[in-house]
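Visitor: Please read through the structure below; I'll follow up with questions.
The values are calculated or read from the model by the stated rules, or taken from the named source; none is laboratory data. Here the structure is a predicted model, which is why all the values come from computation and not from measurement. Cβ placement follows ideal geometry from the backbone for every residue including glycine, while neighbour counts extend to all protein chains displayed. With ligands, DNA and RNA removed, areas are computed over all heavy atoms of the protein, side chains included. Shrake-Rupley method; radii C 1.70, N 1.55, O 1.52, S 1.80 Å.
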Amino acid sequence: MIKDNLNLTEEERLYLSLKGLYESYGYSRFQMRRFEEYSLYSDNLNFLRSKDIITFSGGDGRLLALKPDVTLSIVKNCKGLKKTRKVYYRESVYRPDRPGGQFREIGQIGLEYVGDVDEYAQLEVLSLAAESLKATGGGCVMEISHMGALKGVANECGREELPAEVAACVRARNLHDITCVCSDCGISEEVASKLKKLIGAEGGANDKIALLRSLFPENSRCISAADELEGALRSLGGQAKYFEVDFSLINDPAYYNGIVFQGYAEKSPRAVLSGGRYDNLVKKFGAGDGGIGFAIYPDELDYYTRGAADYDADVLVLYNKDALPADILSAVKSVSEGGESAFASREIPKGMRFKRTIKL
Amino acid sequence: MLNVALPKGRLGEKIYKMLEKAGYSCEELLKDTRKLVFTDEKSGVSYFWVKPTDVTVYVEHGVADIGVAGRDTILESGADVYELLDLKTGRCRMCVASVNGFREDMSRPLRVATKFPHVAERYFSSRNRDIEVIKLYGSIELAPILGLSDVIVDIVETGTTLKENNMSVLEEIFPISARLIANKARYRFKKDEILTCVERLKKELPDD
């Protein structure tokens, strides 16, 4: 239990509780530099949430970048390792909060499982993601999907991926434009109508998974996505209640290939956690056969939940010019040892508020 | 309680009438008052009027659970929101237009005056056409007439303004109508309320 009088921020509290959780599952802390060679990002732009990167020249003329992402650095670090890595991190990334927006330093806490990712490993990460989301406090929901489902739909019309315009409709749950957009992209009316049903489906996880199977019974990708989702949710047991299947959730198919998920907390208007299976990225780096991980964004929580403190300090220790420094220090110490914060001053500081005042 | 951001102006009032018929009335809303937030406990709804281009901002930040915005605003802002319903009202088109007789000089970037720089950049980049965007806030039609730009990218409703200024549409980029949008996180936690609203509004939509 973390002592309340430490006056920790929401992010610090969350990190301390997650650190213990991750370490108890055998994950070790991964620390990295704030910058990487720019080429790491320019070669993998689609993996990044934003393509805007802060760059600068290194002493030897190499182009460096303040890291906009953590996963790439970890996967790069695992290159050539013939063993599985289980790591967690607490790092800052530097990117605009939205396309074309101002650059921000954004805190991230997350974990990555890279190397030999079997069914158990995937389950462990999903379970830890659910625990992490729960640790943010309040109501929470985790959307879960499988990249194979929409890849299967794309295969139905002879494509490897859904066209970007169709993917945009899927992401926005835009059911009114999807038929027209599919038609513009040369996707048959039949496939468009099935896709519309799949994205617009409401109901429980089992209903949506059953719908995927019934819409595409001959499509091996859709069927194996349905099997994998169903198996994972079954194995999660009681934790499955946090998960809601939603096929409108898509990540970049060049990197993500399996289960993907995104967590929402009631107190934040944006996703506070996102993650998924990224075997394609791991293979690209020669870092093993698979990878799965997630990141949690405490800034999203802190920004919306942190209220201004009512007081600047608990106690104002107001002393006059004749007071002895040793007596003032002793008064401050005694307040602090009693679990309160003290602010010593010779006069009442302008614009500051205190619960009570001790005069010396 | 559903928090709804409505765009100020004629379109917003039209949308409110649809919401009122759908059971989300709030008597005070259309009164001449300086109030900004209108709550009706009985209907379970809280409305606020905002500048049309700000609706996506209020919804994306979750201050409003749902809102009504034109497709032009949604695409220009790139807001990460759900787009749940085409309200089939406020219909117009996003177009490229210029003065009659305009001939494009392919040897240099096209100068495009617009209120919608992202829409313009995306559209011309999809055609590999290099452009120079001139961002304006109003009277866009004036730009090609006075030689500030070659073309404009703007909303065309009836085409009367273009016609009166000896201009015409060169290309249509996409059709526009008002859309019901929802915050992605609020959708998760107020799904029943939001989906009920969508279903009720569907019954109030104008015919195609």
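Visitor: Scan the stretch A:82-95 and give yes if some residue there is among the polar types (S, T, N, Q), farther than 23 Å from A:Ala130 by Cα and either assigned to a helix (DSSP H, G or I) or within 19 Å of the chain's Cα centre (by Cα) (or both), otherwise no. Can you show your working first?
Guide: Step one: of the stretch A:82-95, the residues among the polar types (S, T, N, Q) are A:84, A:92.
So of that shortlist, the ones also farther than 23 Å from A:Ala130 by Cα come out as none.
No: the stretch A:82-95 contains no residue that is among the polar types (S, T, N, Q), farther than 23 Å from A:Ala130 by Cα and either assigned to a helix (DSSP H, G or I) or within 19 Å of the chain's Cα centre (by Cα) (or both).
Visitor: Among the candidates B:Thr73, B:Thr56, single out the residue that is in a helix (DSSP H, G or I) and open to solvent by less than 10 Å² (accessible area, probe 1.4 Å).
Guide: Values: B:Thr73 fails: open to solvent by less than 10 Å² (accessible area, probe 1.4 Å).
Checking each option against the conditions leaves just B:Thr56.
Visitor: Only one residue in B:Lys17, B:Lys42 is free of Cβ contacts under 8 Å to residues at least 24 places away in the same chain, under 21 Å from the mean Cα position of the chain (by Cα) and away from chain A (no Cβ under 14 Å), so which one is that?
Guide: The conditions single out B:Lys17.
Visitor: So which residues in the stretch B:20-39 are part of a helix (DSSP H, G or I) and either within 14 Å of another protein chain (Cβ to nearest Cβ) or crowded, with 18+ Cβ neighbours inside 10 Å (or both)? Explain how you work it out, then say what you get.
Guide: Pass one, the stretch B:20-39, residues part of a helix (DSSP H, G or I): B:20-21, B:27-30.
Listed by number, the list holds a single entry, B:Leu29.
Visitor: Tell me whether the stretch B:116-123 contains one or more residues that are buried (at least 20 other Cβ atoms within 10 Å of the Cβ), among the basic types (Lys, Arg) and part of a helix (DSSP H, G or I).
Guide: No, the stretch B:116-123 contains no residue that is buried (at least 20 other Cβ atoms within 10 Å of the Cβ), among the basic types (Lys, Arg) and part of a helix (DSSP H, G or I).
Visitor: Would you confirm whether any residue within the stretch A:287-308 is free of Cβ contacts under 8 Å to residues at least 12 places away in the same chain, more than 14 Å from chain B (Cβ to nearest Cβ) and not aromatic (Phe, Trp, Tyr)?
Guide: Within the stretch A:287-308 (the criterion being free of Cβ contacts under 8 Å to residues at least 12 places away in the same chain, more than 14 Å from chain B (Cβ to nearest Cβ) and not aromatic (Phe, Trp, Tyr)), the answer is yes, since at least one residue qualifies.
Visitor: Starting from residues that are among the small types (Gly, Ala, Ser), modelled with pLDDT under 95 and open to solvent by less than 40 Å² (accessible area, probe 1.4 Å), keep the ones in the stretch B:78-99 and report whichever is nearest to B:Lys163 (Cα to Cα). Don't jump to the end; show me each part of the working.
Guide: Going residue by residue through the stretch B:78-99, those that are among the small types (Gly, Ala, Ser) are B:78-79, B:90, B:97-98.
Now narrow it down to the ones that are modelled with pLDDT under 95: B:78-79, B:90.
Narrowing further to those that are open to solvent by less than 40 Å² (accessible area, probe 1.4 Å): B:79, B:90.
Working: B:Ala79: 33, B:Gly90: 21 Å.
Among residues in the stretch B:78-99 that are among the small types (Gly, Ala, Ser), modelled with pLDDT under 95 and open to solvent by less than 40 Å² (accessible area, probe 1.4 Å), the one nearest to B:Lys163 (Cα to Cα) is B:Gly90.
Visitor: Among the candidates B:Val37, B:Val55, B:Val63, single out the residue that is under 25 Å from B:Lys115 (Cα atoms) and hydrophobic (A, V, I, L, M, F, W, C).
Guide: On the way: B:Val37 fails: under 25 Å from B:Lys115 (Cα atoms); B:Val63 fails: under 25 Å from B:Lys115 (Cα atoms).
Every option except B:Val55 fails the conditions.
Visitor: Which one is farthest from the other protein chains (Cβ to nearest Cβ) among residues in the stretch A:221-247 that are over 18 Å from the mean Cα position of the chain (by Cα) and closer than 22 Å to A:Pro163 by Cβ?
Guide: A:Arg221
Visitor: Take the conditions touching a helix residue (DSSP H, G or I) at 6+ places or on another chain (Cβ under 6 Å), exposed (fewer than 15 other Cβ atoms within 10 Å of the Cβ) and either more than 12 Å from chain A (Cβ to nearest Cβ) or acidic (Asp, Glu) (or both) and apply them to B:Lys135. Does it pass? Quick ask: steps written out before the conclusion?
Guide: On the way: touching a helix residue (DSSP H, G or I) at 6+ places or on another chain (Cβ under 6 Å): yes; exposed (fewer than 15 other Cβ atoms within 10 Å of the Cβ): yes; either more than 12 Å from chain A (Cβ to nearest Cβ) or acidic (Asp, Glu) (or both): yes.
In short, yes.
Visitor: Quick one: which residue in B:Leu201, B:Leu195, B:Leu162 is surrounded by 20 or more Cβ atoms within 10 Å (Cβ to Cβ) and under 30 Å from A:Cys140 (Cα atoms)? Even if it seems obvious, please write down each step before you answer.
Guide: On the way: B:Leu195 fails: surrounded by 20 or more Cβ atoms within 10 Å (Cβ to Cβ); B:Leu162 fails: under 30 Å from A:Cys140 (Cα atoms).
That would be B:Leu201, the only listed residue that is surrounded by 20 or more Cβ atoms within 10 Å (Cβ to Cβ) and under 30 Å from A:Cys140 (Cα atoms).
Condition check ((1) within 14 Å of chain B (Cβ to nearest Cβ); (2) part of a strand (DSSP E or B); (3) of a type in the set (D, E, K, R); (4) in contact (Cβ under 8 Å) with a residue 24 or more places away in the chain) across all residues:
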residue: A:Leu111; (1), (2), (3), (4): no, yes, no, yes
residue: A:Val117; (1), (2), (3), (4): no, no, no, yes
residue: A:Gln122; (1), (2), (3), (4): no, no, no, yes
residue: A:Val125; (1), (2), (3), (4): no, no, no, yes
residue: A:Gly152; (1), (2), (3), (4): no, no, no, yes
residue: A:Gly158; (1), (2), (3), (4): no, no, no, no
residue: A:Cys182; (1), (2), (3), (4): no, no, no, no
residue: A:Gly186; (1), (2), (3), (4): no, no, no, yes
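Visitor: In addition: Kindly list the number of the only condition in (1) modelled with pLDDT of 90 or more; (2) part of a loop (DSSP other than H, G, I, E, B) that fails for B:Gly12.
Guide: Of everything listed in (1) modelled with pLDDT of 90 or more; (2) part of a loop (DSSP other than H, G, I, E, B), B:Gly12 misses just condition (2).
Visitor: Taking into account only those residues within the stretch B:113-132 that are hydroxyl-bearing (Ser, Thr, Tyr) and within 30 Å of B:Ala64 (Cβ to Cβ), which is farthest from the other protein chains (Cβ to nearest Cβ)?
Guide: Initial filter on the stretch B:113-132 (hydroxyl-bearing (Ser, Thr, Tyr)): B:114, B:123, B:125-126.
Pick out the ones that are also within 30 Å of B:Ala64 (Cβ to Cβ) and you get B:114, B:123.
On the way: B:Thr114: 15, B:Tyr123: 12 Å.
Applying the filter and picking the extreme gives B:Thr114.
Visitor: Can I ask one more? Being more than 14 Å from every other protein chain (Cβ to nearest Cβ), of a type outside the set (Val, Ile, Thr) and more than 11 Å from the chain's Cα centre (by Cα) narrows it down to one of B:Leu87, B:Leu110, so name that one. Write out each step before concluding.
Guide: Details: B:Leu87 fails: more than 14 Å from every other protein chain (Cβ to nearest Cβ).
Answer to the check: B:Leu110.
Visitor: Considering only residues that are open to solvent by 10 Å² or more (accessible area, probe 1.4 Å) and either of a type outside the set (A, V, I, L, M, F, W, C) or facing another protein chain (nearest Cβ under 9 Å) (or both), which ones fall in the stretch A:254-271?
Guide: A:Tyr255, A:Tyr256, A:Asn257, A:Gln262, A:Glu266, A:Lys267, A:Arg270, A:Ala271
Visitor: Does A:Ser57 qualify as being among the polar types (S, T, N, Q), modelled with pLDDT of 95 or more and more than 15 Å from the chain's Cα centre (by Cα)? Show your work before the answer.
Guide: Working: among the polar types (S, T, N, Q): yes; modelled with pLDDT of 95 or more: no; more than 15 Å from the chain's Cα centre (by Cα): yes.
Here the answer is no, as A:Ser57 does not meet what is asked.
Visitor: A follow-up question, please. Can you tell me which residues in the stretch A:211-240 are small (Gly, Ala, Ser) and open to solvent by 50 Å² or more (accessible area, probe 1.4 Å)? Walk me through how you get there before you give the answer.
Guide: Our first condition is that a residue be small (Gly, Ala, Ser); within the stretch A:211-240, this holds for A:214, A:220, A:224-226, A:231-232, A:235, A:237-238, A:240.
If the condition is that a residue be small (Gly, Ala, Ser) and open to solvent by 50 Å² or more (accessible area, probe 1.4 Å), then A:Ser214, A:Ser220, A:Ser224, A:Ser235, A:Gly238 are the ones that fit.
Visitor: Another question, if that's okay. Out of all the residues in the stretch A:50-72, which are surrounded by fewer than 21 Cβ atoms within 10 Å (Cβ to Cβ) and polar (S, T, N, Q)?
Guide: A:Ser50, A:Thr55, A:Ser57
Visitor: Restricting to the stretch A:79-137, count the residues that are closer than 17 Å to A:Leu273 by Cβ, aromatic (Phe, Trp, Tyr) and open to solvent by 10 Å² or more (accessible area, probe 1.4 Å).
Guide: 1
Visitor: Please enumerate the residues belonging to the stretch A:160-176 that are within 10 Å of chain B (Cβ to nearest Cβ), crowded, with 22+ Cβ neighbours inside 10 Å and in contact with a helix residue (DSSP H, G or I) (Cβ under 7 Å, 6 or more places away or on another chain).
Guide: Within the stretch A:160-176, just A:Cys169 meets the criteria.
Visitor: If you don't mind, another one. Within 17 Å of the chain's Cα centre (by Cα) and open to solvent by 40 Å² or more (accessible area, probe 1.4 Å): does that describe B:Pro7? Outline the logic, then answer.
Guide: On the way: within 17 Å of the chain's Cα centre (by Cα): yes; open to solvent by 40 Å² or more (accessible area, probe 1.4 Å): no.
In short, no.
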